[in-house]
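Below: the structure, in structure tokens.
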Amino acid sequence: FYLATMATTPPSLVIPICIVGAAIGGIGGGFVWTAQGAYFTRASEEYAASSLDKKSISDANSMLGGIFACIYLLGEVTLNLFSTVSVKVFNLTWSQVYGVYFSLAVMSVLGMMTFVQNFKYDEVDKKHQDQHAFKKATAAAQLFFNDPKMKYMIGLNAAFGFSS
């Protein structure tokens with residue numbers, strides 16, 4: 001979207017750039033959500049096992065899901081409001097707004113690298129540890145090509161990209 005807002009971008013290319021960017025973002029988001037599901041499941045299992053009141057995995061999953069949804073939606077609404085207020089009230093350019101978004105993305109990556117702990121490997125994980133790195137990196141794409149249901153889900157991912 002940054003490319004579409006540049007002053008040097010011909011007006012006839014703005015809409016196609018936005019559409020392609022939204023489609024790529026939506027499809028990429030689908031891959032991220034898939035990978036996040038495995039991580040979230042593992043986090044729920046770890047939390048349930050370590051909770052003092054011995055929560056069930058289902059209860060832990062529900063609680064962590066609620067916390068995640070609250071934080072995620074609060075962040076989404078806040079950043080949407082930020083762009084509107086920045087442009088309309090403070091007269092920032094879209095390039096400056098996207099610069100702030102880029103900075104927040106970099107800080108998020110650094111925060112994840114610093115504060116998020118990796119899970120300990122167990123016997124199930126050890127058998128997957130020997131998989132080739134390329135296979136792990138392309139797991140979502142392999143699922144897309146090997147699972148007949150996935151072709152029906154790609155439209156949902158692209159629609160998510162267009163709407164967000």
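A few notes on this one:
- Listed peptides 143-150, 27-34 appear in the order 27-34, 143-150 once ranked by packing, highest mean of other Cβ atoms within 10 Å at the front.
- Here the Karplus curve 6.51 cos²θ - 1.76 cosθ + 1.60, taken at θ = phi - 60°, turns the phi angles of the stretch 40-47 into couplings of 5, 4, 5, 4, 5, 4, 5, 5 Hz, with x standing for Gly and Pro.
- Qualifying trypsin sites (Lys or Arg not before Pro) in the stretch 11-98, where qualification requires a DSSP coil assignment and no more than 16 other C-beta atoms within 10 Å, comprise Lys54.
- Accessible-area value, Glu46, 1.4 Å probe, nucleic acids and ligands omitted, Å²: 80
- A simple packing score, the average count of other Cβ atoms within 10 Å per residue, orders the peptides 10-17, 56-63 as 56-63, 10-17, with the highest score first.
- Gain on full stretching of the segment that runs from Ser51 to Tyr39 - 0.36 nm per residue minus C-alpha separation: 2.5 nm
- Pairwise label distance in nanometres, Val20 with Ser108, each label 7 Å out on the Cα-Cβ vector: 2.4
- Gyration tensor (alpha-carbon) shape descriptor, the stretch 7-47, a/c threshold 1.5: prolate
- Per residue, the convex hull spanned by the Cα atoms of the stretch 7-86 amounts to 120 cubic angstrom.
The values are calculated or read from the model by the stated rules, or taken from the named source; none is laboratory data. Bear in mind the structure is a predicted one, so any value in this text is a computation, not a measurement. Here Cβ is always computed from backbone atoms with ideal geometry, including for glycine, and neighbour counts include all displayed protein chains. Heads up: the accessible areas ignore ligands, DNA and RNA and are worked out on the full protein's heavy atoms, side chains in. Shrake-Rupley method; radii C 1.70, N 1.55, O 1.52, S 1.80 Å.
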